[in-house]
Amino acid sequence: MSAKFLIVGEALIDIVVEQDGSRSEHPGGSPLNVAVALGRLDHESHLLTRIGSDARGDAIREHVEHSHVVLTPGSVMDVATSTAEATLNAEGAATYTFDLVWDPDDSGLPDAVDAVHTSSIAAVMDKGAATVADVLRRYRDQSLISYDPNARPTLMGTPEAVRGAVEENIALSDIVKTSDEDVAWLYGTDDVEDVVASWRELGPAITVLTRGGEGSVGFSEGGRVQVAPVSVDAVDSVGAGDTFSAGILDALAFRDLLGAGNREALRHTPSDDLAAILKRASRLAAVTVSRAGANPPWTSELG
């Protein structure tokens, strides 16, 4: 079943600098990746972001429009498009340098959507974080809210500085998906499952923890469920978590569990249904892992 989504958050250009000094540029940003994944799955996907009317902004517009994503009217400004420069070492690990401004214009948003998703820097970085929170509150009476904290330590500061803002967004949300690495950084603990399970006390109906090669774990009123990862020949994990977030929303749309009117039904999701939702998300994320970059699947590729 097709649904209507609003995704709120940063879109930027990833500049990859190889060891030999060669450079390549690609559209990126966690919220952008979620919007693209939903558009490719035949949903109506709207993206509130902040890009410039420059060549890099043009590249982002072409990328999202190719994947059937609609930019909200305030998303294009007379500014420079934000960038994240990744310098690779001999082992392929990246050191990031960000040139990012987040002050979105939330004018012209769609009147009604089935769900709103936000993630990463956008939900905690001043001054746009206040706009993001306002959008979540504005839609909460009609839409389900989805959130992925998606920690970015180089921009978010210390865990202590950002944890309160993260938990405020969790309290506004119905679905929260995170990774073991993000929780370990935010809370300084290896007991990451306990943290994610406890988030339900703040308000979400479902909380989900992804653990890379160990699969995913979900928590609802029906209890804890664990789902094994889908085995693929991995190329890289770029954008896999974002595809997983989109996969959860796609699975909820299929079950007609989106919209604020389904909030209580979502809260009482049986364990078997939650496992099926996570399996769908895992299957989609596995496609992204099997190819280079944040390249989520199209419906036509899923059989």
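Based on this model, can you work out whether LEU258 counts as modelled with pLDDT of 95 or more and assigned to a loop (DSSP other than H, G, I, E, B)?
When the stated conditions are applied, LEU258 passes them.
Taken over region 43-56, the criterion of being farther than 24 Å from LEU258 by Cβ and either crowded, with 24+ Cβ neighbours inside 10 Å or within 17 Å of the chain's Cα centre (by Cα) (or both) is satisfied by ARG50, ILE51. Of all residues in region 264-303, those that are farther than 28 Å from VAL16 by Cβ and not in a loop (DSSP other than H, G, I, E, B) total 16.
Step by step: first the residues of region 113-143, then only those that are among the β-branched types (Val, Ile, Thr) and surrounded by fewer than 24 Cβ atoms within 10 Å (Cβ to Cβ), then the one that is farthest from LEU48 (Cα to Cα). Which residue is that?
Checking each candidate, the answer is VAL113.
With respect to the conditions (1) modelled with pLDDT under 95; (2) surrounded by fewer than 17 Cβ atoms within 10 Å (Cβ to Cβ), ASN295 lacks only one, and its number is (2). Candidates are the residues of region 4-42 that are crowded, with 24+ Cβ neighbours inside 10 Å and assigned to a loop (DSSP other than H, G, I, E, B); the one that is modelled with the lowest pLDDT is GLY29.
Look at region 125-142: where a residue is at negative phi and a partner is hydroxyl-bearing (Ser, Thr, Tyr) and surrounded by 13 or more Cβ atoms within 10 Å (Cβ to Cβ), sitting 6+ places away or on another chain with Cβ atoms under 6 Å, you get VAL132/THR118.
Inspection of region 240-254 identifies no residue that is surrounded by fewer than 22 Cβ atoms within 10 Å (Cβ to Cβ), charged (D, E, K, R), part of a helix (DSSP H, G or I) and modelled with pLDDT of 95 or more. Among residues of region 169-198 that are at negative phi and surrounded by fewer than 22 Cβ atoms within 10 Å (Cβ to Cβ), those with a Cβ under 6 angstrom from a residue that is of a type in the set (Val, Ile, Thr) and not in a strand (DSSP E or B), sequence gap 6+ or separate chain, pair up as ASP180/VAL192; ALA184/VAL192; TYR187/VAL195; VAL192/VAL183; VAL195/VAL183.
May I ask you to list the residues in region 123-153 that are of a type in the set (Val, Ile, Thr) and modelled with pLDDT of 95 or more? Residues satisfying the conditions are THR131, VAL132, VAL135, ILE145. Among (1) of a type in the set (Ser, Thr, Tyr); (2) in a strand (DSSP E or B); (3) in contact (Cβ under 8 Å) with a residue 24 or more places away in the chain; (4) surrounded by fewer than 18 Cβ atoms within 10 Å (Cβ to Cβ), where does THR97 come up short? With respect to (1) of a type in the set (Ser, Thr, Tyr); (2) in a strand (DSSP E or B); (3) in contact (Cβ under 8 Å) with a residue 24 or more places away in the chain; (4) surrounded by fewer than 18 Cβ atoms within 10 Å (Cβ to Cβ), THR97 is out only on (3). Scoring ASP141 on the criteria (1) closer than 28 Å to GLU25 by Cβ; (2) part of a loop (DSSP other than H, G, I, E, B) leaves a single failure, condition (1).
Filtering region 83-93 for residues that are in a strand (DSSP E or B), surrounded by 17 or more Cβ atoms within 10 Å (Cβ to Cβ), charged (D, E, K, R) and in contact with a Lys or Arg (Cβ under 9 Å, 6 or more places away or on another chain) leaves a non-empty set.
The values are calculated or read from the model by the stated rules, or taken from the named source; none is laboratory data. Keep in mind the model is a prediction, meaning the values are calculated, not measured. Methodologically, a virtual Cβ is constructed for each residue, glycine included, from the backbone with ideal geometry; neighbour enumeration extends over all protein chains shown.
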